[in-house]
Amino acid sequence: MKILKVLLATTAASLVFASAAAAETTNLRIQTHYAPETPSGKLAAEYIDDIQTMSNGEIQVEMFYSSSVVKSVETFDAAATGILDCDMTGGAYQTGKNPAFQFVGDIMGGYDTPYQQLSWLYYGGGLEAAQKLYNKFDMELIGWWVYGQESLSSSKPIRNVADFKDWKFRSPPGMETKIFEKLGAKPIVMDFTEIFTALESGIIDGADASGLANNVGLGLYDIVKHANYPGFHSMPSDHLACNKAKFDAMPANQQRIMKVAMQALALKTALTFEKKNAEAAAELRAKGVNLYAWTPEELQKFRDAAQAAWGDFATTPEAKDLVEAHLSYLRKLGLAK
């Protein structure tokens, strides 16, 4: 009996050792453009904690905030080439590679809510279509986190389309510059991290940065006193995209953890910003910041300009396919004719 106990104990110890040896640790370096103190930065930190905890430490992440390794627009390439492992910014930064990235990053003038936009990804064939695009550039799309409609920040009133005349503002690269130019504005493409200084110095009159709550976190309304709310012009699909070879090498359970945790992040993000944007609006009004709700007629002027730009911007087969996929789904939702 004593010998049997020794054998059982030895076997159990061997199994524990073998199990520990079999567990593969994946180390990931991920960069986001969000500052850690913003709501989105805090949500990104929750995602990292989720995947590390759910994997029992098999996934370990070194997180870089505020685009501290490379510029925001360079994050995708840094991940694809192995300088980083994953990009937690957004697809719209990559429109220079293929305009199709506009339609996985920010379709502009399309969906009304983050839930509609996310439903296209998971139930409208969007993920399969987008994955083909990402894979062409040696990246894997893990998922989206959509915080809802953005609000503009401005040193001047932005009550309607007419107020965009000669309005100099920070714009991300891509289709947005074309839309706002048609509306009379003067978009200036600059990195996300340069917005505060550019507003403070008067280089720009305003900025397309983020949602209202994130803009408060960035301190933009300490400088300028005008914004629009609710937003209408832009609802970016921030993404998590990882080096495909790195992701393919991960065990299946780790891959599943990362993708399912992104769905949790998407829900938390949408819910968080419904609450935080409303709270930020009340706070800003109390501080004397002017918030402008556009009329349906003025909103339609923007939608018309945006949707006219889709066809102009969709100059590759991938972009045309994605535009048609969006239009087909928008028609099902009654949001397009």
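Of everything in region 218-244, what is touching a residue at least 40 places away in the same chain (Cβ under 8 Å) and over 21 Å from ILE179 (Cβ atoms)? Give them in sequence order. Steps first, please.
Let us first name the residues in region 218-244 that are touching a residue at least 40 places away in the same chain (Cβ under 8 Å), namely 218, 220-221, 223-244.
Of everything in region 218-244, those that are touching a residue at least 40 places away in the same chain (Cβ under 8 Å) and over 21 Å from ILE179 (Cβ atoms) turn out to be LEU218, LEU220, TYR221, ILE223, VAL224, LYS225, HIS239, LEU240, ALA241, CYS242, ASN243, LYS244.
Every residue in region 166-212 that is assigned to a strand (DSSP E or B) and of a type in the set (Gly, Ala, Ser), please. Give the steps one after another, and end with the answer.
Initially, region 166-212 is screened for residues assigned to a strand (DSSP E or B), giving 168-171, 186-189, 206-208.
Of everything in region 166-212, those that are assigned to a strand (DSSP E or B) and of a type in the set (Gly, Ala, Ser) turn out to be SER171, GLY206, ALA207.
Which condition number does THR295 fail, the rest of (1) more than 15 Å from GLU176 (Cα to Cα); (2) without any contact (Cβ under 8 Å) to a residue 24 or more places away in the chain; (3) surrounded by fewer than 16 Cβ atoms within 10 Å (Cβ to Cβ); (4) not hydrophobic (A, V, I, L, M, F, W, C) being met?
(2)
Within region 219-337, considering only helices (runs of 4 or more DSSP H) that don't extend past its boundaries, which have at least 2 residues that are modelled with pLDDT of 95 or more and of a type in the set (Val, Ile, Thr)? Before the answer, list the steps.
Details: elements: 244-248, 252-286, 296-313, 317-332.
By residue number, 252-286.
Free of Cβ contacts under 8 Å to residues at least 60 places away in the same chain, in the same structural domain as ALA306 (by TED's automatic domain parsing), of a type in the set (Phe, Trp, Tyr) and closer than 21 Å to LEU299 by Cβ: is that true of PHE180 in this structure?
Details: free of Cβ contacts under 8 Å to residues at least 60 places away in the same chain: yes; in the same structural domain as ALA306 (by TED's automatic domain parsing): yes; of a type in the set (Phe, Trp, Tyr): yes; closer than 21 Å to LEU299 by Cβ: yes.
Judged against the criteria, PHE180 is a match.
Report yes if ASP191 is of a type outside the set (Phe, Trp, Tyr), in contact with a strand residue (DSSP E or B) (Cβ under 7 Å, 6 or more places away or on another chain), in contact (Cβ under 8 Å) with a residue 24 or more places away in the chain and not assigned by TED's automatic domain parsing to the domain that holds GLU37, otherwise no. Lay out the reasoning, then the answer.
On the way: of a type outside the set (Phe, Trp, Tyr): yes; in contact with a strand residue (DSSP E or B) (Cβ under 7 Å, 6 or more places away or on another chain): no; in contact (Cβ under 8 Å) with a residue 24 or more places away in the chain: yes; not assigned by TED's automatic domain parsing to the domain that holds GLU37: yes.
Judged against the criteria, ASP191 is not a match.
For region 96-118, which positions are surrounded by fewer than 23 Cβ atoms within 10 Å (Cβ to Cβ) and of a type in the set (S, T, N, Q)?
Selection gives ASN98, THR113, GLN116.
Closer than 20 Å to GLY143 by Cβ, hydroxyl-bearing (Ser, Thr, Tyr), surrounded by fewer than 23 Cβ atoms within 10 Å (Cβ to Cβ) and in the same structural domain as LEU240 (by TED's automatic domain parsing): does that describe TYR93?
Judged against the criteria, TYR93 is not a match.
Determine which single condition THR295 fails, assuming it passes every other condition in (1) outside the structural domain of ASP87 (by TED's automatic domain parsing); (2) touching a helix residue (DSSP H, G or I) at 6+ places or on another chain (Cβ under 8 Å); (3) of a type in the set (Val, Ile, Thr).
(2)
Determine whether VAL216 is in the same structural domain as GLY57 (by TED's automatic domain parsing), on the phi < 0 side of the Ramachandran plot, over 16 Å from the mean Cα position of the chain (by Cα) and in a helix (DSSP H, G or I).
Numbers: in the same structural domain as GLY57 (by TED's automatic domain parsing): no; on the phi < 0 side of the Ramachandran plot: yes; over 16 Å from the mean Cα position of the chain (by Cα): yes; in a helix (DSSP H, G or I): yes.
No, not satisfied.
Considering each of THR89, THR81, THR113, THR95 in turn, give the residue that is in contact with a Ser or Thr (Cβ under 7 Å, 6 or more places away or on another chain) and not acidic (Asp, Glu). Show your work before the answer.
Numbers: THR81 fails: in contact with a Ser or Thr (Cβ under 7 Å, 6 or more places away or on another chain); THR113 fails: in contact with a Ser or Thr (Cβ under 7 Å, 6 or more places away or on another chain); THR95 fails: in contact with a Ser or Thr (Cβ under 7 Å, 6 or more places away or on another chain).
The conditions single out THR89.
Quick check on my filter: what residues within region 98-114 are at pLDDT 95 or above and of a type in the set (Gly, Ala, Ser)?
ALA100 - this is the single residue of region 98-114 that is at pLDDT 95 or above and of a type in the set (Gly, Ala, Ser).
The values are calculated or read from the model by the stated rules, or taken from the named source; none is laboratory data. Just so we're clear, the structure is a prediction, and the values are computed from it rather than from any experiment. Methodologically, a virtual Cβ is constructed for each residue, glycine included, from the backbone with ideal geometry; neighbour enumeration extends over all protein chains shown.
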